[in-house]
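Novice: Let me begin by handing over the structure; questions about it come next.
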Amino acid sequence: MSASWHCCACSHRPALSEQALSPGLPARECAECNGHWVCLDDHRRWVESGAPQAEPAELVEHWLPDLASPARACPQCDRIMERLRTGRQPDVRIDRCVHCHAVWLDGGEWAALQFHEARLDEVLSDMWQRQLREAEQLERREDLVRQRHGDACIDEVLRIQAWLQQQAEPGVVLNLIRNGW
Ligand SMILES: [Zn+2]
Ligand SMILES: [Zn+2]
């Protein structure tokens, strides 16, 4: 174990101990907050080895992520980690250290990801993160048009859009709506 390891950032700042996150997946654990630091290369090897997925934990049912927690420093290099959304409900947000190629999972997050069959490497991938950002932008645009035109109007737009897609010639039908005949 490297002497440069930092303590967990939780209240009593205990040292991290080596503790497998799942059988065959090494990690470092804070016994106090039940958080885990996981090297993404170890995770990749664990996935590639076909290690069995952990059974869904009952605690996931009532577990809620702590969305208000401040940005966290990486326990290995002390740099501030980036926090990435996973797009999974509950809203699991994962702290990643790009420098160490590792993540910090708050207590309960690993179980929640396992429960929802969300693979860590997939939800952290550039493609997944880009899709999440695009979905967020789309939501924001919908919020704006709803503010401007009202929910009743936008709901009707969505209904007509869905109806148009069911038509054999949606382009022709749309022209009829716009220009008549
Ligand atoms: Zn801790
Ligand atoms: Zn780091």
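Novice: Of VAL98, VAL47, VAL145, which has the largest mean-square fluctuation in a 10 Å C-alpha GNM of the chain?
Specialist: Of the options given, VAL145 has the highest mean-square fluctuation.
Novice: What whole-number value in Å² describes the accessible area per residue of the stretch 130-179 for a 1.4 Å probe?
Specialist: Here the residues of the stretch 130-179 average 88 Å² of exposed surface.
Novice: Which sequence of TRP110, TRP163, TRP128 reflects their accessible areas, 1.4 Å probe, from the largest down?
Specialist: TRP163, TRP128, TRP110
Novice: Whats the longest run of the chain with zero GluC sites (Glu not before Pro) that are DSSP loop and have at most 16 other Cβ atoms within 10 Å?
Specialist: Within the chain, the longest run free of exposed GluC sites (Glu not before Pro) spans 33-116.
Novice: Of GLN167, GLN114, GLN89, which is the most mobile in a GNM of the chain whose springs link Cα atoms less than 10 angstrom apart?
Specialist: GLN167
Novice: While we're looking at this one, here's another question. So what are the ³J(HN,Hα) numbers for the stretch 148-162, from phi and the Karplus equation (6.51, -1.76, 1.60; θ = phi - 60°), rounded to whole Hz, Gly and Pro as x?
Specialist: 6, 10, x, 4, 4, 5, 5, 4, 5, 4, 5, 5, 5, 4, 5
Novice: R0 = 45 Å: FRET efficiency of LEU40 with ASP143, Cβ-based, nearest 0.05?
Specialist: Plugging the Cβ-Cβ distance into 1/(1 + (r/R0)^6) gives 0.85.
Novice: Would any residue of the stretch 150-180 have its amide N under 14 Å from a label point 7 Å out along Cα→Cβ of ALA135? List them or say none.
Specialist: none
Novice: Out of residues 5 or more away from ARG93 or on other chains, whose amide H comes under 5 Å of its own, with H placed 1.01 Å from N in the peptide plane?
Specialist: Answer set, sorted by chain and number: none.
Novice: Please report the relative contact order for the chain, taking Cα pairs under 8 Å with a sequence separation of at least 6, and give it as a percent rounded to a whole number.
Specialist: Rounded, it is 17 percent for the chain.
Novice: Moving on. Which distance in Å, rounded to a whole number, links the C-alpha centroids of the stretch 121-137 and the stretch 7-46?
Specialist: 25
Novice: For the residue pair ALA168 and ASP155, what label-to-label distance in nm results when each label sits 7 Å from Cα along the Cα-to-beta-carbon direction?
Specialist: With each label placed 7 Å out from Cα toward Cβ, I get 3.3 nm.
The values are calculated or read from the model by the stated rules, or taken from the named source; none is laboratory data. All values reported here derive from a predicted model rather than from experimental measurement. Neighbour counts are summed over all protein chains in view; Cβ atoms, including those assigned to glycine, are modelled from backbone coordinates with ideal geometry. Accessible surface areas use protein heavy atoms only, side chains included; no ligands, DNA or RNA. Shrake-Rupley method; radii C 1.70, N 1.55, O 1.52, S 1.80 Å.
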